[in-house]
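The values are calculated or read from the model by the stated rules, or taken from the named source; none is laboratory data. Not measured: the values here are computed from a predicted model. Here Cβ is always computed from backbone atoms with ideal geometry, including for glycine, and neighbour counts include all displayed protein chains.
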Amino acid sequence: MSVAFAERARKVVCIGRNYVDHIKELSNVRPTAPFFFLKPPSSILLPGNGPILIPKGVNVHFEVELAFILGKEVKDFKVAGRDKAEVEKEYLDAIDGYALAIDLTGRNVQDEIKKKGLPWTTAKGFDTFLPLSTFIPKSKIPNPADVTLWLSVNNQSPPNQKDSTKLMIWPIPEILSAISSVMTLQPGDIVLTGTPKGVGSIKPGDHVSGGIEVDGVAIPEAKIELDVADKGGIYEFKN
Ligand code: MG
């Protein structure tokens, strides 16, 4: 299993609110430009290292997302005013590979943080809050702008989330441009591209599955299977 990629990540950058129907389901405002936040690499949960851990008092939401891994340094990636084919070639060239990711979020923690205007770090950064699949070679996803992501809790059918990356408001070139205009992306860094509709809660005892399909065919490397358990520890969320 190829999981060494996750140890090379010096940062994990996540795009928020990149699918219209997900913005609506949380009654969020549609941003006028891509915005992003960081998750600590310590929150990464690799296959075989489960379960997902639920901190005390926290309403943990799943968000299935396509992640890409940088193979090159990217700084000031320009999209506007450039030849489209040139942009396509350059952005695909900067990507080393992909992974399925779950951007776990302490929703009640985040709601409280939003009200107070504080950073999202706690809501997004608990240990195990970033399950990743194994590394997906670039050749398996020739067009990241057209793959289907899905996530199911307790084998629910149809899955809780299942949508195409075609629905992204800002496709990967725009994401790369927004992030790299602020911070240099380094080889090994991981970028999460936002979640489609259907997010919801998980609790101890649940089982989470997820995957990626290309033209209706499952990519074996993308499979995620995880149990969910209590975290224990000293943290407790109190409103
Ligand atoms: Mg997310």
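Okay, here's what the table says:
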{"item": "Hits in region 112-146 (condition: polar (S, T, N, Q) and out of contact with any Pro (no Cβ under 7 Å at 6 or more places or on another chain))", "result": "T121, T122, T128, S139, N143"}
{"item": "R30, sole failed condition from (1) closer than 25 Å to D146 by Cα; (2) surrounded by 20 or more Cβ atoms within 10 Å (Cβ to Cβ); (3) not hydroxyl-bearing (S, T, Y)", "result": "(2)"}
{"item": "Lone qualifier among D93, D76 - being outside any strand (DSSP E or B), within 21 Å of I136 (Cα to Cα), acidic (D, E) and at pLDDT 95 or above", "result": "D93"}
{"item": "Residues of region 1-28 that turn out to be more than 16 Å from the ligand (Cβ to nearest atom) and part of a helix (DSSP H, G or I), as a count", "result": "5"}
{"item": "Residue tally, condition under 21 Å from H22 (Cβ atoms) and free of Cβ contacts under 8 Å to residues at least 40 places away in the same chain, over region 104-118", "result": "5"}
{"item": "Selected residue (only one of A101, A123 is within 13 Å of the ligand (Cβ to nearest atom) and free of Cβ contacts under 8 Å to residues at least 24 places away in the same chain)", "result": "A123"}
{"item": "Candidate set: region 197-222, residues that are under 25 Å from I179 (Cβ atoms) and charged (D, E, K, R); chosen: the one surrounded by the fewest Cβ atoms within 10 Å (Cβ to Cβ)", "result": "K197"}
{"item": "Options N154, N143; residue that is surrounded by fewer than 21 Cβ atoms within 10 Å (Cβ to Cβ), within 21 Å of P47 (Cα to Cα) and more than 16 Å from the ligand (Cβ to nearest atom)", "result": "N154"}
{"item": "Among residues of region 29-52, those that are under 16 Å from A123 (Cα atoms) and away from the ligand (no atom under 16 Å from the Cβ), counted", "result": "2"}
{"item": "Condition met for E225 (crowded, with 20+ Cβ neighbours inside 10 Å, away from the ligand (no atom under 16 Å from the Cβ) and either of a type outside the set (S, T, Y) or under 29 Å from K75 (Cβ atoms) (or both))", "result": "no"}
{"item": "For R8: the one exception among (1) loosely packed, with under 12 Cβ neighbours inside 10 Å; (2) over 19 Å from V199 (Cβ atoms)", "result": "(1)"}
{"item": "Search result, residues across region 197-210 that are more than 18 Å from T128 (Cα to Cα) and more than 16 Å from the ligand (Cβ to nearest atom)", "result": "none"}
{"item": "Residues of region 175-196 that turn out to be away from the ligand (no atom under 16 Å from the Cβ) and either of a type in the set (D, E) or buried (at least 24 other Cβ atoms within 10 Å of the Cβ) (or both), as a count", "result": "2"}
{"item": "Pairs, first within 16 Å of K138 (Cα to Cα) in region 220-232, second β-branched (V, I, T) and in a loop (DSSP other than H, G, I, E, B), C-beta under 7 Å, six or more apart", "result": "E221/T134"}
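One line per residue, one yes/no per condition, for (1) over 21 Å from the mean Cα position of the chain (by Cα); (2) in a loop (DSSP other than H, G, I, E, B); (3) more than 25 Å from K197 (Cα to Cα):
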residue: G81; (1), (2), (3): yes, yes, yes
residue: K89; (1), (2), (3): yes, no, yes
residue: Y98; (1), (2), (3): no, no, no
residue: V109; (1), (2), (3): no, no, no
